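Participant: I'd like to ask some things about the structure below.
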């Protein structure tokens, strides 16, 4: 009697777990709602395979439970040694492969259609080059010569959106064909925003391609989907999709900002230590703080300290060289291609005078220009 009650209670729990209500209770952990034709295809294929796998799991589990209960040794059942000679035993060798092939063919049609869409080459209105680096994303609008460097926002500023929010983000217009050209500067990365685009690796020295056509305005988040090192979790992605009118306004404003920054960086003006320190602190907080820390102490055995470091206290030429060109074989990126001359001069000056270094040295934009 006790065994029977235990079996009945176990069956009840299993039935509860498999009920529709329970299965859908955590649907929020599924992929986000797709907002482009391609991601809808991917989402539908994902749901189809999930449903098939769930049905198979339920049937197999039910057969196992039934077999364990019906043919248990405690009832005196003895194993059938001639099962393979029975009609069912013989026909199962045909039925099982047929069923498996039928399941495969059910998935094959939608799967092939989705793969063709993923690899399609559709003329684009906007092309964005996405560059992965340890550990940030850089977006270059190829037709408009605009560059955005997107970094993780510190916890103090991001609050509950920490590891999701960034200091600058990608902006796209709604109902527009957009091509993404994906590459990297150091190791493998993977730019993935499941609501709007599929995953494709960003490979150093190689260009991968994907595209999107977002038909719903909104803000969409993603993450680097390739384990790229200790700062892998520090590469969130934020994409804002706006109306075409708002996008045109944003684009005009960014162009003006880019032109003003380029003109200022090209100027031969000699700047004071105070001005360079103010600018340098802003650049440091945006590009260097993740590795070297707020206090310049770095992370022991992972990222070197700048405080009282041989680089920050040593020759200015060596300091400029490592910031501009990076250090091969380490996580120290080459910032020469990512920052302009004034930004580089300011952050080098800041590193040589912050954290108690107090060298009194100043580096001007003209010095960086000569060192490139």
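The values are calculated or read from the model by the stated rules, or taken from the named source; none is laboratory data. This structure is a prediction, so every number in the text was calculated from the model and none was measured. Methodologically, a virtual Cβ is constructed for each residue, glycine included, from the backbone with ideal geometry; neighbour enumeration extends over all protein chains shown.
Participant: Given the criteria assigned by TED's automatic domain parsing to the domain that holds residue 354, surrounded by fewer than 14 Cβ atoms within 10 Å (Cβ to Cβ) and under 22 Å from residue 363 (Cα atoms), does residue 274 qualify?
Facilitator: yes
Participant: Another question about this same structure. Taking the range 234-271, which residues are over 14 Å from residue 169 (Cβ atoms), assigned to a loop (DSSP other than H, G, I, E, B) and at pLDDT below 95?
Facilitator: Correct list: 267, 268, 269, 270, 271.
Participant: Still on this structure: Check whether at least one residue in the range 122-136 is farther than 15 Å from residue 180 by Cβ and either modelled with pLDDT of 90 or more or in contact with a helix residue (DSSP H, G or I) (Cβ under 8 Å, 6 or more places away or on another chain) (or both), and report yes or no.
Facilitator: yes
Participant: Here's a follow-up. Assess whether residue 68 counts as being over 30 Å from residue 180 (Cβ atoms) and without any contact (Cβ under 8 Å) to a residue 12 or more places away in the chain.
Facilitator: yes
Participant: When you check residue 242 against the structure, is it more than 17 Å from residue 151 (Cα to Cα) and in contact with a helix residue (DSSP H, G or I) (Cβ under 6 Å, 6 or more places away or on another chain), yes or no?
Facilitator: Considered against the rule, which asks whether it is more than 17 Å from residue 151 (Cα to Cα) and in contact with a helix residue (DSSP H, G or I) (Cβ under 6 Å, 6 or more places away or on another chain), residue 242 comes out as no.
Participant: Tell me yes or no: at least one residue of the range 347-357 is in a helix (DSSP H, G or I), touching a residue at least 40 places away in the same chain (Cβ under 8 Å) and farther than 15 Å from residue 311 by Cβ.
Facilitator: no
Participant: Out of (1) surrounded by fewer than 19 Cβ atoms within 10 Å (Cβ to Cβ); (2) at pLDDT 90 or above, what's the single condition that is false for residue 334?
Facilitator: (2)
Participant: Which of the residues belonging to the range 75-91 are assigned to a helix (DSSP H, G or I) and either surrounded by 10 or more Cβ atoms within 10 Å (Cβ to Cβ) or in contact (Cβ under 8 Å) with a residue 12 or more places away in the chain (or both)?
Facilitator: Listed by number, the residues that qualify are 83, 84, 89, 90, 91.
Participant: Moving on to the next point. For residue 96, are the conditions met, namely being at pLDDT 90 or above and either out of contact with any helix residue (DSSP H, G or I) (no Cβ under 9 Å at 6 or more places or on another chain) or not assigned by TED's automatic domain parsing to the domain that holds residue 201 (or both)?
Facilitator: no
Participant: Does the range 237-252 include one or more residues that are in contact (Cβ under 8 Å) with a residue 40 or more places away in the chain, surrounded by 15 or more Cβ atoms within 10 Å (Cβ to Cβ) and on the phi > 0 side of the Ramachandran plot?
Facilitator: The answer is no, given that none of the residues of the range 237-252 is in contact (Cβ under 8 Å) with a residue 40 or more places away in the chain, surrounded by 15 or more Cβ atoms within 10 Å (Cβ to Cβ) and on the phi > 0 side of the Ramachandran plot.
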